[in-house]
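**Student:** Below is one structure. I have some questions about it.
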Amino acid sequence: MKAIPDNFQLLTFNFQLSTFNLINMIIHRYKSVTSTNDVLKGMAEKGAPEWTAVVAEQQTGGRGREGRSWYSPPGSLYLSVLLKPAILPMELQRMPVIVSYALAEFLMQEGGDFSLKWPNDILLNRRKVAGVLLEARTQGEDVHYIVAGIGINISFGQNSLPADLRDRVAALEEIIGDWSIDSMLKRIHSSLKIHYCSFRDEAWENIREKWSSYADWNTLVFFRKGSREVAGYPQSLSDDGSLILRTSEGVIVVHSGDIITGY
Ligand code: BTN
């Protein structure tokens, strides 16, 4: 039998979403990992079921989008959730919108000036408070699984933020003093469960509309295209989850990459 590492604990939450829905999420909780996404991917490759999750108190190699690192000291939430939706690879582009909306919806219940920035950033007072890194394993027309990595800045406590992040990031402690990680996990889970099947038809239209109502359409943004930056105003979210930008060079569709705001 394999020894269980010291920093490993297996928790199973069984709780009621409503009077008739029972939710199960198996959460592997760690003190420290390189990246919760990497740990969960290992589990997914070994056949872990949907809704398996990995949460860590800190990450030593937290990863963000576009090859960036994600500052991950103790005090914030680092979570990865395994999803196996019946989805085509071409529908994957909708997932960041869906997952970020699910997160934002639960955060917004706390009040505070939250907004969304394409594709999957959640801002508090116009500074980034949460990010999502989705990594999928696909083969031909099949999506085997998606690892949805979620980082929420809760408190930076004694850890002074690196200088380059100071003006750009926010933490939930700015609006709320007392967050319990366990209740946050339950609420993320139920919000994800409600929304994550919204990649089809009517439900997608609904989420696209809701997402759009929280996005900032009036700020000039810059889109990096190779070595150039193109300035423009976001116009709408396209049917496949891409961003339509109105620029001086005409309307362009941004499928991936970074949108940079002045704030
Ligand atoms: C981004 O906005 O660039 C995405 C950040 C995603 C960070 C989370 S923290 C949990 C999970 N593990 C990682 O290494 N990254 C994601």
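**Student:** For residues that are out of contact with any strand residue (DSSP E or B) (no Cβ under 6 Å at 6 or more places or on another chain) and β-branched (Val, Ile, Thr), tally how many sit in the range 109-142.
**Tutor:** 1
**Student:** Another question, if that's okay. Which residues, taken from the range 136-159, are of a type outside the set (A, V, I, L, M, F, W, C), more than 13 Å from residue 174 (Cα to Cα) and crowded, with 17+ Cβ neighbours inside 10 Å?
**Tutor:** 145, 149, 151 - these are the residues of the range 136-159 that are of a type outside the set (A, V, I, L, M, F, W, C), more than 13 Å from residue 174 (Cα to Cα) and crowded, with 17+ Cβ neighbours inside 10 Å.
**Student:** Being in the same structural domain as residue 158 (by TED's automatic domain parsing), touching an Asp or Glu at 6+ places or on another chain (Cβ under 7 Å) and either within 12 Å of the ligand (Cβ to nearest atom) or in a strand (DSSP E or B) (or both) is true for just one of 66, 57. Which residue is that?
**Tutor:** On inspection, the qualifying residue turns out to be 66.
**Student:** Any residue that is in a strand (DSSP E or B), surrounded by fewer than 19 Cβ atoms within 10 Å (Cβ to Cβ) and in contact (Cβ under 8 Å) with a residue 24 or more places away in the chain - is there at least one of those in the range 177-184?
**Tutor:** No, that holds for no residue.
**Student:** Also, I was wondering about something else. Scanning the range 118-152 for residues that are part of a loop (DSSP other than H, G, I, E, B), over 12 Å from the mean Cα position of the chain (by Cα) and under 23 Å from residue 211 (Cβ atoms), which turns out nearest to the ligand (Cβ to nearest atom)?
**Tutor:** 126
**Student:** Right, something else. Among the listed residues 141, 105, identify the single one that is of a type in the set (Asp, Glu) and touching a helix residue (DSSP H, G or I) at 6+ places or on another chain (Cβ under 6 Å).
**Tutor:** 105
**Student:** For the range 219-238, does any single residue satisfy the condition of being at pLDDT below 85 and closer than 19 Å to residue 109 by Cα?
**Tutor:** no
**Student:** Also, I was wondering about something else. Quick one: residue 36 ticks every box in (1) within 13 Å of the ligand (Cβ to nearest atom); (2) over 30 Å from residue 158 (Cβ atoms); (3) at pLDDT 95 or above except a single one, so which number is it?
**Tutor:** Residue 36 satisfies every listed condition except (2).
**Student:** Scan the range 52-68 and report the pairs whose first residue is among the charged types (D, E, K, R) and whose second residue is near the ligand (Cβ under 6 Å from one of its atoms), with Cβ atoms within less than 8 Å and a gap of 6+ or a chain change.
**Tutor:** 57/78; 63/35; 63/37; 63/70; 63/133; 63/149; 65/131; 65/133
The values are calculated or read from the model by the stated rules, or taken from the named source; none is laboratory data. Everything numeric in this text was worked out from a predicted model, so none of it was measured. We place every Cβ from the backbone using ideal geometry, glycine too, and count neighbours over all the protein chains shown.
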